[in-house]
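Q: Let me give you the structure first, and then I'll get to my questions.
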Amino acid sequence: MNPNLSASPRAAKPTFSPTKIVTFLQCSTLYRYIYVDHIGRFYQRPKAYFSFGATLHTVLQAFHAEGARATPEEMIQQYQQSWQSAGYASAEEETQYQIEGMAALATYHDAVQQRLHTGVQTLLIEKFIQSDMGSFILNGRVDRVDRWPDGSLEIVDYKSGRLSVSQEDVANDLAMGIYQLIIKRLYPDTPVRATIYCLRSGQSATAELASTELEACEKDVRTIVQDIMATHFNSLKPQLLPICEECDFRTRCERYWKQKKQ
């Protein structure tokens, strides 16, 4: 096993994941609250889509860990046992999600069985991966990585919220680019591609970044990370942005804006 597939390093180098990078791009103040001040537990509320996604991930991880031998009925039984109720607006909403989840698992089971017949093997399941980029560690957690009969690797990322996806969506997705970059650095002589699988609809799309595109992705990541590392977060002033509307930290920023007007 590649040592970079093990637990997070304890070295002094800063670590950056797709989630951290995307958060910074969305709002540097939000990044500060979560990753610098570490006050997320005081503001972030449970959300239905988090609970729903976490439940499905738990079932799928167990399914693949046990060799994908469970029947749809057994998967649904575990789904019911693993159900997380936090964040749903009503009992009706929770019931609707439960129904959609059971249908999603049945569809997923059929899709996996078809893949197994082609000789595809699951290599990694819910695995933490990382690569030393010199001045920082680039890391992330992949939902699944499959090895195809030709030796190529496919990163599969589950999406429990979206219903559709295109090849262009995958090719332009920063997180999928980062996952491909890390896996390619770990397996340099192996073709690597990425797939987004929409759990609720069963739709999926795949894209493979060419070497030049991976180089561009790495360059972009290094530039963003440099920006993060150079940011003086303690002097940041909250800005009104499109994501503020549904941000859990909005009340904190509003207090700042109110004080500035006084």
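The values are calculated or read from the model by the stated rules, or taken from the named source; none is laboratory data. Given the structure is predicted, the values throughout are model-derived calculations rather than measurements. Every residue, glycine among them, receives a Cβ derived from its backbone with ideal geometry; neighbour counts consider all protein chains shown. We work out accessible area using only protein heavy atoms, side chains counted, and drop any ligands, DNA or RNA first. Shrake-Rupley method; radii C 1.70, N 1.55, O 1.52, S 1.80 Å.
Q: Would you pick out the residues in region 124-144 that are open to solvent by 60 Å² or more (accessible area, probe 1.4 Å) and either at pLDDT below 95 or farther than 21 Å from Arg193 by Cβ (or both)?
A: Let us first name the residues in region 124-144 that are open to solvent by 60 Å² or more (accessible area, probe 1.4 Å), namely 127, 132, 135, 141.
Within region 124-144, Asp132, Ser135 meet the criteria.
Q: Of all residues in region 16-51, which are under 25 Å from Ile182 (Cα atoms) and part of a loop (DSSP other than H, G, I, E, B)?
A: Hits for region 16-51 are Ser17, Cys27.
Q: Okay, next question. Any residue in region 210-226 that is part of a helix (DSSP H, G or I), in contact (Cβ under 8 Å) with a residue 60 or more places away in the chain and open to solvent by less than 20 Å² (accessible area, probe 1.4 Å)?
A: Checked region 210-226: at least one residue is part of a helix (DSSP H, G or I), in contact (Cβ under 8 Å) with a residue 60 or more places away in the chain and open to solvent by less than 20 Å² (accessible area, probe 1.4 Å).
Q: Taking the condition open to solvent by 70 Å² or more (accessible area, probe 1.4 Å) and under 15 Å from Asp143 (Cβ atoms), does Ala111 pass? Talk me through it step by step, then tell me what you get.
A: Working: open to solvent by 70 Å² or more (accessible area, probe 1.4 Å): no; under 15 Å from Asp143 (Cβ atoms): yes.
No.
Q: When you check Ile125 against the structure, is it closer than 21 Å to Met75 by Cα, in contact with a helix residue (DSSP H, G or I) (Cβ under 7 Å, 6 or more places away or on another chain) and not in a helix (DSSP H, G or I), yes or no?
A: On the way: closer than 21 Å to Met75 by Cα: yes; in contact with a helix residue (DSSP H, G or I) (Cβ under 7 Å, 6 or more places away or on another chain): yes; not in a helix (DSSP H, G or I): yes.
Criteria met by Ile125.
Residue-wise test of (1) farther than 21 Å from Cys198 by Cβ; (2) open to solvent by 60 Å² or more (accessible area, probe 1.4 Å).
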position: Leu56; (1), (2): no, no
position: Ala70; (1), (2): yes, no
position: Glu73; (1), (2): yes, yes
position: Tyr88; (1), (2): no, no
position: Thr107; (1), (2): no, yes
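Q: Could you tell me how many of the residues in region 84-120 are assigned to a helix (DSSP H, G or I) and in contact with a Lys or Arg (Cβ under 7 Å, 6 or more places away or on another chain)? Steps first, please.
A: If we filter region 84-120 for residues that are assigned to a helix (DSSP H, G or I), which is where we start, we get 91-117.
Remaining after also requiring in contact with a Lys or Arg (Cβ under 7 Å, 6 or more places away or on another chain): 100, 104.
Number of matching residues: 2.
Q: Another one. Which residues, taken from region 158-192, are without any contact (Cβ under 8 Å) to a residue 60 or more places away in the chain, closer than 28 Å to Tyr97 by Cα and outside any helix (DSSP H, G or I)?
A: Lys159, Arg162, Leu163, Ser164, Val165, Ser166, Asp173
Q: Okay, next question. Does Leu174 satisfy being within 18 Å of Cys217 (Cα to Cα), touching a Cys at 6+ places or on another chain (Cβ under 9 Å) and surrounded by 19 or more Cβ atoms within 10 Å (Cβ to Cβ)? Can you show your working first?
A: Working: within 18 Å of Cys217 (Cα to Cα): yes; touching a Cys at 6+ places or on another chain (Cβ under 9 Å): yes; surrounded by 19 or more Cβ atoms within 10 Å (Cβ to Cβ): no.
No: the conditions fail for Leu174.
Q: Using beta carbons and a limit of 8 Å, which pairs, at least six apart or on different chains, have the first residue in region 233-248 and closer than 19 Å to Tyr43 by Cα and the second one loosely packed, with under 10 Cβ neighbours inside 10 Å and of a type outside the set (Gly, Ala, Ser)?
A: From residues that are closer than 19 Å to Tyr43 by Cα, the pairs are Asp248/Arg45.
Q: Among the numbered criteria (1) in contact with a strand residue (DSSP E or B) (Cβ under 6 Å, 6 or more places away or on another chain); (2) in a loop (DSSP other than H, G, I, E, B), which single criterion is violated by His64?
A: Only one criterion in (1) in contact with a strand residue (DSSP E or B) (Cβ under 6 Å, 6 or more places away or on another chain); (2) in a loop (DSSP other than H, G, I, E, B) is unmet by His64, namely (2).
Q: Which of the numbered conditions does Ser201 fail, given that it passes all the others? Conditions: (1) buried (at least 16 other Cβ atoms within 10 Å of the Cβ); (2) under 21 Å from Ile21 (Cβ atoms); (3) over 15 Å from the mean Cα position of the chain (by Cα).
A: Just one mismatch for Ser201, condition (2).
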